[in-house]
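S.K.: Following this message is one structure expressed as structure tokens.
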Amino acid sequence: MTQIYNFSAGPAVLPKEVLREAAADMLDWHGSGMSVMEMSHRGPEFISIIDAAVRDLRLLLNVPANYKILFLQGGGLGENAIVPMNLVGRVNQPATIDFVHTGSWSGKSVKEAARYARVNVAASGEAGRFTMVPPQSAWQLTPGAAYLHLCTNETIDGVEYNFVPELAGDTPIVADMSSHILSRVIDVSKYGVIFGGAQKNIGPAGLTVVIVREDLLGHALPICPSAFDWSIVAAHDSMYNTPPTYGIYIAGLVFAHLLRQGGVAAAEQRNIAKADLLYAALDIDDFYQNRVAKDCRSRMNVPFYLRDESLNDKFLAGAKARGLLQLKGHKSVGGMRASIYNAMPIEGVQALVDYLNEFAGRT
């Protein structure tokens with residue numbers, strides 16, 4: 001097979017070692033005579049799989065003991081509804097949810113949350129075309145808000161937080177980390193809830209991971225479906241309904257693989273090296289443009305534009321011919337985008353840099 005590098009924003013590249021292990025287990029998991037896809041989610045074989053996945057994720061992120069790790073369905077968009085249905089009941093009604101609007105995904109979160117509570121956009125980067133995270137000094141927060149919602153890495157706009165907000169009072173921070181979870185060291189204790197769709201750094205689409213502080217359980221609105229009530233899901237160890245078993249299995253393989261590679265701290269150093277390499281190539285001259293403020297640039301999702309956008313199709317065709325796939329930017333913003341998640345090797349980034357230089361006539 002010709003060497004290809006998949007820069008898709010998600011579903012995204014998975015470690016080849018994980019795919020090989022899954023392929024070897026496809027028909028017969030560990031001598032059980034069954035594929036993981038055929039197992040009862042309540043049988044001892046799958047219980048061992050999910051227990052190992054929870055244990056390894058807790059170890060990777062140093063998740064404190066007073067936080068629950070939940071495996072759900074619905075993706076990041078689903079959690080935009082599930083989060084308010086679980087949290088607005090913790091404060092006196094009518095509740096207000098604070099948001100910092102940093103791009104496409106936080107914008108979707110604002111619209112969805114407005115179905116369940118009042119929303120206050122405490123700060124927005126829209127006036128600057130979502131090229132930065134507004135400084136916390138400019139945020140207009142609501143005293144007694146149900147929670148503050150952040151998208152800490154905007155997959156489409158390429159904006160990433162380089163700080164954790166410090167809040168007064170007991171307002172919890174809810175962080176959508178779908179597109180950079182496990183890519184950098186985080187202090188879970190700074191957040192009330194962390195959630196993410198799996199299809200970036202964790203595994204296949206269809207699985208959602210939620211990490212929630214225990215004191216935030218038990219406040220679900222009456223309209224919240226029982227399968228999405230975090231307290232019920234936690235009480236049943238993510239087994240209240242049939243979970244996405246195969247997605248959990250692949251996630252567990254990814255977690256174990258990441259631990260063997262030195263954990264999240266080692267992954268972060270690799271990600272810094274990859275991002276530095278790519279941004280340096282984009283910044284040499286004005287043939288390419290990345291419009292995000294340098295202190296807010298994402299290490300995972302790198303949008304860029306050709307100075308002469310009439311060359312876009314030619315650029316993409318040349319990239320495909322070289323095995324550099326899925327570089328077209330999101331339809332809402334155009335241009336190009338390279339997603340360089342944990343599983344993207346630095347060799348892939350170097351291959352892209354070589355092509356960027358070649359196409360720009362630098363070689």
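The values are calculated or read from the model by the stated rules, or taken from the named source; none is laboratory data. What you are looking at is a predicted structure, and each value in this text was computed from that prediction instead of being measured. FYI the Cβ positions are ideal-geometry reconstructions off the backbone, even for glycines, and counts take in every protein chain you see. The area values use the complete protein model at the heavy-atom level, side chains included, leaving out ligands, DNA and RNA. Shrake-Rupley method; radii C 1.70, N 1.55, O 1.52, S 1.80 Å.
S.K.: If I go through region 296-307 residue by residue, how many of them are open to solvent by 10 Å² or more (accessible area, probe 1.4 Å) and under 18 Å from PRO345 (Cα atoms)?
M.R.: Within region 296-307, residues that are open to solvent by 10 Å² or more (accessible area, probe 1.4 Å) and under 18 Å from PRO345 (Cα atoms) number 1.
S.K.: Hey, another quick one. Based on this model, can you work out whether SER310 counts as surrounded by 15 or more Cβ atoms within 10 Å (Cβ to Cβ) and of a type outside the set (Phe, Trp, Tyr)?
M.R.: Considered against the rule, which asks whether it is surrounded by 15 or more Cβ atoms within 10 Å (Cβ to Cβ) and of a type outside the set (Phe, Trp, Tyr), SER310 comes out as no.
S.K.: Open to solvent by 10 Å² or more (accessible area, probe 1.4 Å) and within 22 Å of ALA12 (Cα to Cα), is that true of ARG291?
M.R.: In short, no.
S.K.: I want to confirm something. Restricting to region 189-232 and keeping residues that are closer than 25 Å to TYR341 by Cβ, among the small types (Gly, Ala, Ser) and part of a loop (DSSP other than H, G, I, E, B), which single residue is most open to solvent (accessible area, probe 1.4 Å)?
M.R.: So, considering only residues that are closer than 25 Å to TYR341 by Cβ, among the small types (Gly, Ala, Ser) and part of a loop (DSSP other than H, G, I, E, B), the one most open to solvent (accessible area, probe 1.4 Å) is ALA205.
S.K.: Let me spell it out: the conditions are (1) under 21 Å from the mean Cα position of the chain (by Cα); (2) farther than 27 Å from LEU258 by Cβ; (3) open to solvent by less than 30 Å² (accessible area, probe 1.4 Å), and TYR279 meets all of them except one. Which number is the exception?
M.R.: (2)
S.K.: Taking the stated definitions as given, is LEU77 open to solvent by 10 Å² or more (accessible area, probe 1.4 Å) and closer than 23 Å to ALA227 by Cα?
M.R.: In short, yes.
S.K.: With the condition kept exactly as written, say whether any residue in region 15-27 is under 26 Å from the mean Cα position of the chain (by Cα), part of a loop (DSSP other than H, G, I, E, B) and at pLDDT 95 or above.
M.R.: yes
S.K.: Which of the residues spanning region 9-31 are open to solvent by less than 80 Å² (accessible area, probe 1.4 Å), among the hydrophobic types (A, V, I, L, M, F, W, C) and under 21 Å from ILE181 (Cβ atoms)?
M.R.: Hits for region 9-31 are ALA9, ALA12, VAL13, LEU14, VAL18, ALA22.
S.K.: Is it fair to say GLN350 is at positive phi, touching a residue at least 12 places away in the same chain (Cβ under 8 Å) and out of contact with any Gly (no Cβ under 9 Å at 6 or more places or on another chain)?
M.R.: No, not satisfied.
S.K.: In region 119-144, how many are among the charged types (D, E, K, R) and either touching a residue at least 40 places away in the same chain (Cβ under 8 Å) or surrounded by 15 or more Cβ atoms within 10 Å (Cβ to Cβ) (or both)?
M.R.: Of the residues in region 119-144, 1 are among the charged types (D, E, K, R) and either touching a residue at least 40 places away in the same chain (Cβ under 8 Å) or surrounded by 15 or more Cβ atoms within 10 Å (Cβ to Cβ) (or both).
S.K.: Looking only at region 32-65, filter to residues that are among the basic types (Lys, Arg) and assigned to a helix (DSSP H, G or I); which one of those is surrounded by the fewest Cβ atoms within 10 Å (Cβ to Cβ)?
M.R.: ARG55
S.K.: Being assigned to a loop (DSSP other than H, G, I, E, B) and of a type outside the set (S, T, N, Q) is the filter; apply it to region 335-361 and report the residue that is farthest from the chain's Cα centre (by Cα).
M.R.: Applying the filter and picking the extreme gives GLY361.
S.K.: Let me ask another. Out of curiosity, is SER124 touching a strand residue (DSSP E or B) at 6+ places or on another chain (Cβ under 8 Å) and closer than 27 Å to CYS224 by Cα?
M.R.: Taking the combined requirement at face value, the residue does not satisfy it.
S.K.: Residue check: is VAL333 at pLDDT below 95 and in contact with a Pro (Cβ under 7 Å, 6 or more places away or on another chain)?
M.R.: yes
S.K.: Pairs under 9 Å by beta carbon, first residue under 24 Å from ASN153 (Cα atoms) and without any contact (Cβ under 8 Å) to a residue 40 or more places away in the chain in region 107-118, partner open to solvent by 60 Å² or more (accessible area, probe 1.4 Å) and among the β-branched types (Val, Ile, Thr), six or more apart or different chains?
M.R.: Listed pairs, sorted by first residue: VAL110/VAL121.
S.K.: Looking at SER332 and the list (1) out of contact with any Gly (no Cβ under 7 Å at 6 or more places or on another chain); (2) part of a loop (DSSP other than H, G, I, E, B); (3) in contact (Cβ under 8 Å) with a residue 40 or more places away in the chain; (4) open to solvent by less than 60 Å² (accessible area, probe 1.4 Å), which single condition is not satisfied?
M.R.: The one condition SER332 does not meet is (4).
S.K.: Which ones in region 95-116 are open to solvent by less than 20 Å² (accessible area, probe 1.4 Å), out of contact with any Pro (no Cβ under 6 Å at 6 or more places or on another chain) and among the aliphatic types (A, V, I, L, M)?
M.R.: Correct list: ALA95, ILE97, VAL100.
S.K.: Would it be correct to say that GLY252 is touching a helix residue (DSSP H, G or I) at 6+ places or on another chain (Cβ under 6 Å) and closer than 18 Å to ILE181 by Cβ?
M.R.: Taking the combined requirement at face value, the residue satisfies it.
S.K.: Name the pairs whose Cβ atoms lie under 6 Å apart, with the first residue in region 272-286 and more than 13 Å from TYR341 (Cα to Cα), the second aromatic (Phe, Trp, Tyr), and 6 or more positions between them or separate chains?
M.R.: Listed pairs, sorted by first residue: LEU282/TYR288; LEU282/PHE304.
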